[in-house]
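The values are calculated or read from the model by the stated rules, or taken from the named source; none is laboratory data. Values in this document were obtained by computation on a predicted structure and should not be read as measured data. In this analysis, Cβ positions are derived from the backbone assuming ideal geometry, glycine residues included, and neighbour counts consider all displayed protein chains.
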Amino acid sequence: MEKEIEFVLNGKIVQIKTNPLRRFLDVLREDLGLKGSKEGCGEGECGACSVLVGGILVNACLTAVGTIVGQDVLTIEGYRETERFKVLEKAFAEAGAVQCGYCTPGMLMAAEALLSINPKPDEREIREAISGNLCRCTGYSMIVEAIQTASKRGEGLW
Amino acid sequence: MVESFRPENLREALTLRRDSKVIPFAGGTDLMVRKRSWSGTLPRFEYPALFISGINQIKEISSTEGILNIGAAVTLASLIQHDAVPVILKRAAFQMASPAIRNAGTIGGNICNASPAGDTIAPLYALGATVVLQNSLGQRELQINEFIKGPGRIDLKDDELLVAINIPIEDYNNVYYKKVGTRKADALSKLSFVGIARTVDEQLVDLRMAIGAVAPVVIRIRAAENMLKGRNVKEIPKLIPDIKNIFSDFIKPIDDQRSNAAYRKSVSLRLVEDFLKGMR
C-alpha cells in the first residue's frame with residue numbers, strides 16, 4: 001500500500017507516493033532518476049549507495065523510504081554543486097583516486113561525512129571513515145591521499 | 001493491506017503492537033538484508049513493519065542511582081559517542097560493520113536479532129545488563145541471559161517491545177576486548193572475547209569474562225570468575241590452566257562459513273589466557 005512521503009532532497013522539498021518499505025536506493029534511482037548512488041552489493045557492505053540523511057552517512061540500499069519522512073537528504077547530485085565538492089574533485093583527479101569510478105560517489109559522501117565533523121583528519125581517521133566503502137581498483141591509498149589533500153586545501157570550507 | 005506503521009510515540013507503538021502482528025523496525029540494517037528480494041524490488045515483510053527509530057523516548061541515554069539506562073533505539077554510533085557508555089561496550093560497537101551501518105543500526109536491534117555473533121551482546125553479558133520490555137499494560141525486566149534463549153530466539157511477547165537496556169555502573173581498571181574477524185571492517189565475528197575487571201592494590205575485586213560466537217549464546221561462566229575473585233593478581237597466572245579447563249567444557253562452537261569449531265575453541269582459550277596474564 002502506498003503512502004505519501006515528503007522529505008527534503010538536495011535542498012528541495014520532494015513528495016512521492018510509494019510503498020514505505022521500498023529501498024531508498026530504488027526510489028532515488030528509479031523514481032527520481034538520480035543514478036549517482038549505485039548498488040554494489042544491496043546488503044550494506046560496499047558503500048556504493050551511501051547518501052547523507054540529516055548530515056549522517058547511511059547506506060541507501062538498507063534504508064526503507066518510510067524512515068526518510070521529514071528528513072534532509074543529500075545525494076552526490078546535490079553535493080556536486082558545492083564548493084567542498086570542487087576541492088575534493090580536484091584532489092581526487094590529481095591523486096589518481098578514480099579508476100572505474102563506481103565507488104567514487106560513495107567515497108565522496110563518506111569524505112564529506114568525515115570532514116564535516118573532523119576537518120583535519122589523520123590517515124587513520126580517514127581510513128576509518130571510508131572503512132565501509134569498498135574499492136576494487138585503486139587499493140585505497142590514492143583515495144586516502146586525495147582526502148588528505150582536500151582537507152589541507154579546503155581551509156575554512158569544513 | 002497496510003504494510004507499515006509510523007507511530008509518533010511509544011504509547012502509539014505499543015497499541016499497534018498489541019492490536020496487530022507487526023515487525024519492530026528500528027535501523028533496519030538486519031531486516032532490510034534478511035527480507036531482501038531481487039535488486040530493485042520490494043523487500044518481503046510477512047507482517048507490517050513498525051517503524052520505531054524516530055521515537056525519542058527510546059533513544060535516550062541517562063543514569064540514575066548507579067544504573068545506566070540506554071534506550072533500545074540508540075544507534076551504535078551514539079553509543080560510541082556518549083560519555084557514560086562503558087568503554088568495553090564502545091569498543092565492541094566501534095568494530096561493528098561500518099560507519100554508515102553504525103549510524104542506523106541500534107543496540108536493541110542487535111540484541112533482538114540475537115545472532116550468536118551479535119557484537120554488543122558479549123559485553124552486555126559481562127556488564128550484567130538487564131533488558132526492559134514494555135507492553136501497553138506495563139513493564140518487565142529480565143537479565144540479558146534470560147532474554148536471549150538461543151540463536152535468533154528471544155523472550156519477547158508479541159505485544160511487547162524492547163525499550164531499554166540497564167547497566168549497573170561500575171569502574172573497571174582492566175578492560176580487554178578482542179574481536180576476531182576476517183578483516184578490519186564489515187566483518188562478522190568468528191569469535192569475540194570480553195574481559196573486564198577491577199583490581200584494588202593488586203587484589204582482584206571484580207572479574208567478568210564473556211565469549212561470543214563460540215556457542216548458541218554468549219558464554220559467561222561464574223565458576224571461572226569466582227575462582228579468581230578475591231585473589232592477588234600475582235596468583236592468577238598459575239590458575240590459568242584451570243580456568244581454561246572450565247571454559248573448555250562450555251565452549252561448543254560450530255563449523256560455519258565464517259570459521260570452524262577447532263579454530264574458535266583454540267583462539268578463545270588463548271584470549272582468556274592473554275587477558276588473565278595481562279591483569280594488573
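Observations on the structure shown:
- B:Gly109 within 26 Å of B:Glu12 (Cα to Cα) and within 14 Å of chain A (Cβ to nearest Cβ): yes
- Of residues in the range B:124-170 being in contact with a Lys or Arg (Cβ under 6 Å, 6 or more places away or on another chain) and within 30 Å of B:Lys277 (Cβ to Cβ), the one surrounded by the most Cβ atoms within 10 Å (Cβ to Cβ): B:Ala126
- Among the residues of the range B:11-51, those identified as more than 10 Å from chain A (Cβ to nearest Cβ), in contact (Cβ under 8 Å) with a residue 40 or more places away in the chain and aliphatic (A, V, I, L, M) are B:Ala13, B:Leu14, B:Leu50.
- Filter result (of a type in the set (A, V, I, L, M) and either out of contact with any Gly (no Cβ under 8 Å at 6 or more places or on another chain) or over 20 Å from B:Met96 (Cα atoms) (or both)) within the range A:35-56: A:Val51, A:Leu52, A:Val53, A:Ile56
- Residues that are surrounded by 16 or more Cβ atoms within 10 Å (Cβ to Cβ) and either in a loop (DSSP other than H, G, I, E, B) or more than 8 Å from chain B (Cβ to nearest Cβ) (or both), drawn from the range A:9-28: A:Leu9, A:Asn10, A:Ile16, A:Thr18, A:Asn19, A:Pro20, A:Leu21, A:Arg22, A:Phe24, A:Leu25, A:Val27, A:Leu28
- Criterion applied to A:Thr149, A:Thr138 was being more than 24 Å from A:Gly40 (Cβ to Cβ) and modelled with pLDDT of 95 or more, and the one residue passing it is A:Thr149.
- Subset of the range B:52-85 that is within 14 Å of chain A (Cβ to nearest Cβ) and among the hydroxyl-bearing types (Ser, Thr, Tyr) - its residue that is nearest to B:Ala104 (Cα to Cα): B:Thr75
- Residue among B:Ala13, B:Ala100 that is under 17 Å from B:Cys112 (Cβ atoms), at pLDDT 95 or above and surrounded by 23 or more Cβ atoms within 10 Å (Cβ to Cβ): B:Ala13
- From the list B:Ile144, B:Ile107, the lone residue that is in contact (Cβ under 8 Å) with a residue 40 or more places away in the chain and of a type outside the set (D, E, K, R) is B:Ile107.
- Which numbered condition A:Gly40 fails, given (1) outside any helix (DSSP H, G or I); (2) touching a residue at least 12 places away in the same chain (Cβ under 8 Å); (3) at the interface with another protein chain (Cβ under 9 Å from one of its Cβ atoms): (3)
- Restricting the range A:64-76 to residues that are more than 7 Å from every other protein chain (Cβ to nearest Cβ) and touching a Gly at 6+ places or on another chain (Cβ under 7 Å), the residue that is nearest to A:Pro105 (Cα to Cα) is A:Ile76.
- Looking only at the range B:240-255, and only at residues there that are in contact with a Leu (Cβ under 9 Å, 6 or more places away or on another chain) and aliphatic (A, V, I, L, M), the one that is surrounded by the most Cβ atoms within 10 Å (Cβ to Cβ): B:Ile243
- The residues listed here are B:Glu8, B:Glu3; of these, the one that is within 12 Å of chain A (Cβ to nearest Cβ) and within 20 Å of B:Gly138 (Cα to Cα) is B:Glu8.
- Some residue of the range A:43-53 being under 22 Å from B:Ser37 (Cβ atoms) and without any contact (Cβ under 8 Å) to a residue 12 or more places away in the chain: no
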